[in-house]
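All remarks here apply to the structure that follows.
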């Protein structure tokens, strides 16, 4: 290990909180945000690059002979060319377990708001309908409890487990979904076949990584398998769902509703079919399920720990 490192943090403003500089000799540069055209110049002398969502592909990495480590300031690593890094001995680390409370709470909040039609009732009160009602309340929209409902979860990592704990606390029946395409005879113990979960769940929550096996795992065919009053929650990655198919499903009433915190392209500068959905059974939040103050500080603390472990030669939170 060299005596000193040059660390470049590409998107400091993407995470709020105190970043404790690592306890080893280093030079440090940070940028609020980094655009694609600024990237090569900023990282050309770096031995450690910290990225959240900036794309680091092989053609760029090949031009960085001093690079030793990429520290992802997130759990997802799909913005990094992991195959290239493995082939060329570049260490890659990620952040784990920091969002075990914030993401599950957001997912359940979306599910509750949709099951209880909170947006529709808020609109009606604002429009004066309660004020004009003939009795103390009105029932213009169906209200469903989480208690007694079936919760289908795809992805059994710490976030899926967190959603399951909250769901069970509400009295929900939890089904853990098997991978798509697995034959019934090969479904793992404790899992339920993919199509069965779609057919039986009142709430489906996605917590899968985005890869070639999961990309587009929920499309038109899968949406049509869901109950007509079921809600789909996605706080994982936008690419897990065919967004055009979901837009059609919402417009035509195939499902009861959807709550999304992620889109395929973020920010959606070139538009997205889900941005056009102006319905009270659809909630879209701007990728903030992970972003409680407590979770962001835990992320930054773990990031420092990953850097210090690498400098000591330890394999902490390594994905490459």
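For the range 3-33, the candidate set comprises residues that are farther than 23 Å from residue 293 by Cα and without any contact (Cβ under 8 Å) to a residue 60 or more places away in the chain; within that set, the residue that is surrounded by the most Cβ atoms within 10 Å (Cβ to Cβ) is 8. Conditions first: (1) within 16 Å of residue 310 (Cβ to Cβ); (2) modelled with pLDDT of 95 or more; (3) outside any strand (DSSP E or B); (4) touching a helix residue (DSSP H, G or I) at 6+ places or on another chain (Cβ under 9 Å). Residue 46 passes all but one, so which condition is the exception? Every listed condition holds for residue 46 apart from (4). How many residues are surrounded by fewer than 23 Cβ atoms within 10 Å (Cβ to Cβ) and touching a helix residue (DSSP H, G or I) at 6+ places or on another chain (Cβ under 7 Å) when one looks only at the range 228-242? The qualifying residues number 1. One residue stands out in the range 88-99 among those that are surrounded by fewer than 18 Cβ atoms within 10 Å (Cβ to Cβ) and touching a helix residue (DSSP H, G or I) at 6+ places or on another chain (Cβ under 9 Å): the one that is nearest to residue 230 (Cα to Cα), namely 97. Looking at this structure, is residue 255 within 12 Å of the chain's Cα centre (by Cα) and closer than 21 Å to residue 146 by Cβ? So residue 255 fails the test. Counting the residues of the range 200-239 that are touching a residue at least 60 places away in the same chain (Cβ under 8 Å) and under 16 Å from residue 264 (Cβ atoms) gives 7.
For the range 145-177, the set of residues classified as in a loop (DSSP other than H, G, I, E, B) and under 19 Å from the mean Cα position of the chain (by Cα) consists of 155, 156, 157, listed by residue number.
Restrict the check to the range 295-309 and report whether at least one residue is crowded, with 16+ Cβ neighbours inside 10 Å, under 17 Å from the mean Cα position of the chain (by Cα), at pLDDT 95 or above and assigned to a loop (DSSP other than H, G, I, E, B). No, the range 295-309 contains no residue that is crowded, with 16+ Cβ neighbours inside 10 Å, under 17 Å from the mean Cα position of the chain (by Cα), at pLDDT 95 or above and assigned to a loop (DSSP other than H, G, I, E, B).
Just one of 38, 30, 59, 18 is touching a strand residue (DSSP E or B) at 6+ places or on another chain (Cβ under 7 Å), over 22 Å from residue 236 (Cβ atoms) and not assigned by TED's automatic domain parsing to the domain that holds residue 236; which is it?
The conditions single out 30.
Taking residue 250 as the residue in question, decide whether it is in a loop (DSSP other than H, G, I, E, B), crowded, with 19+ Cβ neighbours inside 10 Å, in the same structural domain as residue 108 (by TED's automatic domain parsing) and on the phi < 0 side of the Ramachandran plot. Criteria not met by residue 250.
Confirm whether residue 78 is part of a helix (DSSP H, G or I), surrounded by fewer than 17 Cβ atoms within 10 Å (Cβ to Cβ) and under 23 Å from the mean Cα position of the chain (by Cα).
The answer is no for residue 78.
The values are calculated or read from the model by the stated rules, or taken from the named source; none is laboratory data. Remember, it's a predicted structure, so these values are computed and weren't measured experimentally. Neighbour counts run over all protein chains shown; Cβ positions are idealised from the backbone, glycine included.
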